[in-house]
Amino acid sequence: MCRQAFLAGIVVDQSEGEATTAACTAVLTPPLSLEGGLAAELRPANLVQRVLSLFRNVSPGSDLSHFQLPATFNLPKSQLQMYGEGVYCAGEDYLGRCAQGKDSLDRLTAVVAWSISTTRPPIFGFAPYNPVLGETHHVSKGSLNVLLEQVSHRPPVSALHATDDGGNIELVWCQSPVPKFHGASIEATVRGKRQVRLPKHNETYEVDCPNLLIRLLPSPSVEWSGDVRVVCGDSGLEAELRFCRSRSFLGFGGDGRCVKGRVLRSASQETVYEIDGHWDRTVSLKDVSTGEVSVLYDAERAIGNLSTPVVRDQQGLSPSESVVVWGEVSDALLKKDWERARQAKRRVEDTARKLEKERNERGEVWMPKHFSLSQNKDGDWECWPLESSVPPAPITADS
């Protein structure tokens, strides 16, 4: 079986370990954060009208998983990078706290706080590139090493594995976004498992992801919505969160960044803490037995003014690395060279289609390099890392 990586029109046979040509320049861009970054740069005129024009011929209920956006509507980064940035781009180390709690209740609330920290401010009218099959993204932050791979293209499935050098934390994710057009809105549901493992405490937490809701009418907006559960079967504790909009008048106004919920004991359904706040400001934790209120999450400390990762080892970059695969497209977008961006994006996508056609003609089955992949009886995808730990990466984020 062949394992092929992809690089802007270049084929690499990973089973032989030899590239047919040298890698192009890697392009890294600022992560989504509360202030500045990409959001400050992407404000074109007539954006709402341009977005609405994209969906004139799309029927309500349509699956948009493979909807081809013009390059001018793309963020200069891949969806694989977006998933990774939710883990390695953070100010306050909420992930590290998960393994430091004095008891299972402390650790569960820490996992809840960390899960909120992965929620980043989306930008209306822009979407990341759809990752190509075999695309990877490998970044380190301090002792945490993060590796992602696009393990399926139809349907799109992304896998993530992260470990720290001390053996305190392990993340294993398998995610498949399902965006659907509903006429006046688009909603992207993320299916799959996100696990946070704390090996030294023998605890595994399963964490859901909120949906991304893009409202086109009556008032254009983009927000996170829906219910999220954080469950630890080992301790018998769980949390229920709801990402929602505050009450508005006739569908106008209201705050779309509210978070409400509770921490409870699974067996008895007894509420231990109440959760309330805004994911882009602060979220509080109220002890129902004492009435004491504390800050569970502070967005400014977690995702305010985040730094752009940097390449520390150019030679160590894989040809399948996201920032290399899409490097020319991102460079053109940043320079507002729309025609070059369009052509570069077409080359990436055309080559991916060509490789798929050649594999089909030879009767070959593509296999992920870093993960195994299967579907369960409910039709959900499941991924397992092939290695027990993730090595240090050639790209680093500030710690």
Of (1) modelled with pLDDT of 70 or more; (2) surrounded by fewer than 21 Cβ atoms within 10 Å (Cβ to Cβ); (3) part of a helix (DSSP H, G or I), Tyr83 satisfies all except one. Which? (2)
Among what's in segment 203-217 and is over 11 Å from Phe243 (Cα atoms) and not in a strand (DSSP E or B), pick the residue that is least open to solvent (accessible area, probe 1.4 Å). Leu216
Of everything in segment 230-285, what is modelled with pLDDT of 95 or more, within 15 Å of Ala299 (Cα to Cα) and open to solvent by 40 Å² or more (accessible area, probe 1.4 Å)? Give them in sequence order. Asp276, His278, Arg281, Thr282
Of (1) more than 24 Å from Val178 (Cβ to Cβ); (2) in a loop (DSSP other than H, G, I, E, B), Gly256 fails just (1)
Would you please name the residue that is least open to solvent (accessible area, probe 1.4 Å), looking only at residues in segment 313-370 that are over 16 Å from Pro131 (Cα atoms) and of a type in the set (S, T, N, Q)? Gln343
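Would you pick out the residues in segment 121-157 that are basic (Lys, Arg) and touching a helix residue (DSSP H, G or I) at 6+ places or on another chain (Cβ under 6 Å)?
First, pick out the residues of segment 121-157 that are basic (Lys, Arg): 141, 154.
Within segment 121-157, Lys141 is the sole residue that qualifies.
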Going residue by residue through segment 119-137, is there one that turns out to be among the hydroxyl-bearing types (Ser, Thr, Tyr) and assigned to a helix (DSSP H, G or I)? no
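Restricting the search to segment 290-300, which residues are open to solvent by 50 Å² or more (accessible area, probe 1.4 Å) and farther than 15 Å from Pro31 by Cα?
Step one: list which residues in segment 290-300 are open to solvent by 50 Å² or more (accessible area, probe 1.4 Å), which gives 290, 292-295, 300.
Correct list: Thr290, Glu292, Val293, Ser294, Val295.
The values are calculated or read from the model by the stated rules, or taken from the named source; none is laboratory data. Keep in mind the model is a prediction, meaning the values are calculated, not measured. Reconstructed Cβ throughout: ideal geometry from the backbone, glycine too, with neighbour counts over all protein chains shown. Keep in mind that these areas ignore ligands, DNA and RNA; they rest on the heavy atoms of the full protein, side chains included. Shrake-Rupley method; radii C 1.70, N 1.55, O 1.52, S 1.80 Å.
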